Each structure stands twice: as structure tokens, then as C-alpha cells.
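The values are calculated or read from the model by the stated rules, or taken from the named source; none is laboratory data. On a predicted model such as this, the values are computed, not experimentally measured, just so you know. A quick note on method: Cβ atoms are made from the backbone with ideal geometry, for glycine too, and the neighbour counts reach across all protein chains shown.
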Amino acid sequence: MNSSISSPDTFMDIEAKGKKILEIAKITNNSAVANFLTEVLEKLPNEEFYLAILGLFKRGKSTLINAMLGAPILPTGVIPVTSVITRIKYGSVISARITFGDNSTKEVPVEGLSQYVSEIGNPNNSKNVTIADVYVPAQILKDGLILIDTPGVGSTYTIGTKVTFQFLDRVDFAIFVLAVDPPVGQQELELLNSLGSKSQKILFALNKIDYVDPPSVAESVNYCQKIIQNHLGNGAVFSLVIYPVSAKLALEGRLSGNTLKIQNSGIEPLELALKESLINQKESLMIRSTTDKLRKSATDLMTYIQLEIASLKTPLDRLSHLQLEFEQYLSLIEQRKRDLFYVIDGRAKEIVAGLDEDLASFKKEHETALLVQVETFAEAMLTTKGANSREIVSSIEEYLRKSLIETYSEFMTSEDQKIRNAFLHLASEANERMSFLISDVKHKAALLFGFRPAEIAFHPSIDYETKFYYHLDPIFITGITFSGGEIAEWVLPKSLFKRVLEKQIRQRIKDEFETNGGRIRYDYFVTRLNQALLQLKRDINQTFASSTETVKNAITEAECLRTKNEAEVNSKIGELRNLLCTLKAILEE
């Protein structure tokens, strides 16, 4: 019979079923399944999903977070406030913890948070704060969602910009906050552009709509949509729906219980869009993953109980013989598992080899084309009236930077999908082979001891990318520079300066493709692929160990029970049969 657990509606449902299965594992002294399930259930309420609130300084990001929480938790002000990353997590009471560069921590009252996260209380992060964690009993945070308040980009405090970009690789989703006064500007367009590979995992909020009248809000929304679309072009694949909100009105309404203010604030459509596009999807994925693990644990326990019942009925001399035969069989299975790992490693090398070929083709195809493109731009700049040498170099630097971002973003997006598909194919093949091995183990035990095992497929909850990565600008090397012999280039005649400049452009572009190609290969693709492979192997080892230990432990437990008298053995068999019925009922719920 192919039993299956119906997908529960809530985390509470799945946790309740998990606890029932764990209780049976403990009753039957099945430590392998008990340990496996304990880890699964401990992780369930702690699955972290980062939602970052991004934007320029003074767009009302902290106020928006306070409105979503329904309480004035984060400090706000008329000057740039947030200077370090602040994580807002679920907690039974409101509290805060500061983590410093030496890994020490300090509990602080939320009212004193500004002394550690603001530029006034902690100028240039002189207190060496690495992160601030705030705990709030807010409904939106209950299922593992963590709000991230980021330092505003573009203020005079440049450390905030740096901190924000360093953290972006860790977030799963983002709300990009604009404002009606002023509407979207060049800095925001540059920030969006620097996110590189465009994603549907970004929502847009146009804040401070209470500053203007409704017609002006509509005009501002249309203006922002048009400007962003024109700037990003057809490469933008995330939704450009912009939600007009007033974080200030929303917070006031929730603090006072004024439903009209909440409705007029526009925050509810934004939160609904967030829930539909993020929270529901996250919950569905987590429940499906955990359900697979519960199903696997339940069927392992059923095999365990069936084995124990069969062993209790088997003569002791026959039992020892069967145990030895099964141990010898497991040695063969272990070799087949190692063979599977060799296959996985081989497939991974093929993926990396394909990446190297694509990088080489990309460099060959685009390096010369970009050189011509930049040289054409430089030629135009050299003919611009009134432009001095420094202005020309600065303009070429900016043009090259934008061109590289555009060129690499397209490649990274397509290559990312290609490698993802290759890894998923690899994982699917591993799933199929591992399912067969586990099934084979159980069928061998069933054949030896005379019972019908419960069927279960192996589904590791792993993906090529377990978290969404913002694709930031490639790490560009230093700008166009001149050797000591050319130090006077700023006063060179234009014809000589042109020759020197062309030489530097050619070298710069060559260096950029070498530097960024290596960085993208290792930091972006190979490292992430290796992490996914390690997790895949860990899942395989954990699943395999749980299944095989279940069989071995059942036989050992039965041998211990055989020292009891016949009445006790029969009583134990009855108890085990009842537990078997309970497990079947859980699987069929």
C-alpha cells in the first residue's frame, strides 16, 4: 500500500503529527528515527526567511516596518537613522540583542536600540555592532519570516550603503520603498540597476502618499512605473506594480485601532500581495518538505515495528542467521551508495566544465564587442566641447561600469537557470537511485523476516539555491590609471592623450573580463553548487542511515525482548500492533 500523509493546512497540524510519530519512535526505542524527527521538528518553527526593506535613506523604511508590526519598535527620525542591519524576529515578549564584532552579545531595552543602530547613537558604527536582533510578538513573524531593516542607501553616511550591499546576498525577498516626495530619482534607478539579475521577488511601495492629494499619488505611481521600466528596459522580469502607502497613517491607525486610517493608508493591499507572493509560497514549500520527512519517518517506524514483531516470532537460532545475512547485504548496499556519490561528483564536474565553456564563449563573444562600444563612446567624449581630461575619464568609467553590469547580468541570469536545471536533473537522478536503495533495504528485510514493507520515496529537501541571491555588481578593479611616465596626461595634447586613453581602455576591459570571470565562476556559481551538493549528500547519508539503523535496531530490540517470558512477549507483540495501527492512521489522515 502506498500510504501518504495529506498535506496539513498549518504548521500546527504538521507539528502535531510529527510529535505523534516522535512519541512512537521513543516508545519503541528507535533512536535513529527519534533523532531524525527531533531535528526536523526543531527546525520547523525556526525556518528563517529574510524579507529585506530596501531603498534610499529617508524613504520611511523603518516606519513601514513599524506599521507592519503594529507597534513603534524601530527608531525613526528626520536624519538617517539606521546604520547597521536590524533583524526583527518573532518573540513572546519585546526585546533586543546586540551582537558585536568580537561575537559578544548584549541584551538592551528596545527603547535604547537607537544607541546602537543609529548614526547619532553609533556614528560610523564606532561600537563595532555587526547586527541587531529585535524580538516582537507580531503575527506576521510567527511562521519564521524575519524582517530586515537596512541602512538607507545614498546618504552622506557611506558606511550604511556598504553594509546594505554586503547583506543583500542573504535575503530571500525584498520590498523596495520609494516616496512621492521626491519620486523615483537617479540614485534609486542606480540601486535597482545594481541589483543585477532582475527578480520577481521584489515588491514596490510608494510611501508618504499622505503628503499629496490622490491625483498626485496616481500621477507619481505612473511616473515611477514609466521611469523604472524605461531605465531597466525589457530585461526587468519582476513585477512593476507599485503599491501606494502611507506608513505613518498605517502605524497611527493600528496603534489607535482606527480602521479608516488603516484603509486609507494603503498598507493592506501591499501586505496581501506580500502574503500571496511570499508567505503562502514559503509555507507551502516548508510543509511539503517536512511532510515528506514525516512520511519517511512513519514508514521507517512501520518497517521497524513489523521487523520487531517478525523477530519476536522467529526462533533465536534462525534470528541470528537472518541478522548476519542482513548485515552482509548492507555491506553491498553501502558500496552502491558510494557508487552513487561517485556519480554525483562526476555530474557536478560536468556542470562546472559546462560553466567554464560558457564563460570562455562569453568572453570571446563580448570582450571585443565591448571594446568597440567603449572606444566609440570615448571617441564621442573626446569631441565634446569643454570636457577636460578628468571629466572624460570619469564619464568613460561610468559608461564602462554600466555596460559591464548589463552584459554580465544577462549572462548570469541565463547561466544561473542552466546550472539550476542541471543540478535539479542531478538531484532527481540521485533521488531515484536512493529511493531504490532504501526500498531494496526494506524489501530485503521483509523477504528475510516475512512481512510487507510500507513504500516510501526519497525526497531530499534541497535545491540548487536555497536562498534567493541578489546579483550585485561584479567586483570591478581599479579605474583607468596611468603609469608614472604618463602622470602628466592631464596636460597632454589631445592626440597624445587619446592614444594613452585607448591603451588603458583596452587593458582595462581585458582585466575586467579576467577578474569578473574568475569571481563569477567561483564565488557565484561553483561555491553555491558545492554547498548544494554537500547538503544533498548529507540528506542521502542521513536518510540512508536512518533506514538501515531502523532495521538493525529492530532485530536487536527483539533479541533483548526474547529473554522475557512468553506472556510478556505476546503482550509486547500486541502493543506493537496497536502502534502499527496508529501509524497507519496518521499516514492516512
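Please go through the stretch 61-90 and pick out each residue that is part of a loop (DSSP other than H, G, I, E, B) and either under 25 Å from the mean Cα position of the chain (by Cα) or modelled with pLDDT of 85 or more (or both).
Gly70, Ala71, Pro72, Ile73, Leu74, Ser83, Val84, Ile85 - these are the residues of the stretch 61-90 that are part of a loop (DSSP other than H, G, I, E, B) and either under 25 Å from the mean Cα position of the chain (by Cα) or modelled with pLDDT of 85 or more (or both).
Considering only the stretch 122-142, how many residues are at pLDDT below 80 and in a loop (DSSP other than H, G, I, E, B)?
So the count comes out to 2.
Applying the selection to the stretch 537-559, what residues are modelled with pLDDT of 75 or more and among the acidic types (Asp, Glu)?
The answer is Asp539, and nothing else.
Only one residue in Leu492, Leu580 is more than 29 Å from Asp356 (Cβ to Cβ), assigned by TED's automatic domain parsing to the domain that holds Ile333 and at pLDDT 80 or above. Which one?
Exactly one residue qualifies, and that residue is Leu580.
Of all residues being closer than 18 Å to Glu23 by Cα and among the charged types (D, E, K, R) in the stretch 550-587, which is farthest from the chain's Cα centre (by Cα)? Just the residue, please.
Top of the filtered list is Lys572.
So which pairs qualify, if the first residue must be in the stretch 555-570 and surrounded by 14 or more Cβ atoms within 10 Å (Cβ to Cβ), the second must be assigned to a helix (DSSP H, G or I) and hydroxyl-bearing (Ser, Thr, Tyr), the Cβ gap must be under 7 Å, and the two must be at least 6 apart or on different chains?
Hits for this filter: Ile555/Ser311; Ala558/Ser311.
Does Ser265 satisfy the criteria of being modelled with pLDDT of 80 or more and surrounded by 16 or more Cβ atoms within 10 Å (Cβ to Cβ)?
Details: modelled with pLDDT of 80 or more: yes; surrounded by 16 or more Cβ atoms within 10 Å (Cβ to Cβ): yes.
The answer is yes for Ser265.
Answer yes if at least one residue in the stretch 206-214 is surrounded by 14 or more Cβ atoms within 10 Å (Cβ to Cβ), of a type in the set (Lys, Arg) and either within 31 Å of the chain's Cα centre (by Cα) or at pLDDT 70 or above (or both), and no otherwise.
Taking every residue of the stretch 206-214 in turn, at least one turns out to be surrounded by 14 or more Cβ atoms within 10 Å (Cβ to Cβ), of a type in the set (Lys, Arg) and either within 31 Å of the chain's Cα centre (by Cα) or at pLDDT 70 or above (or both).
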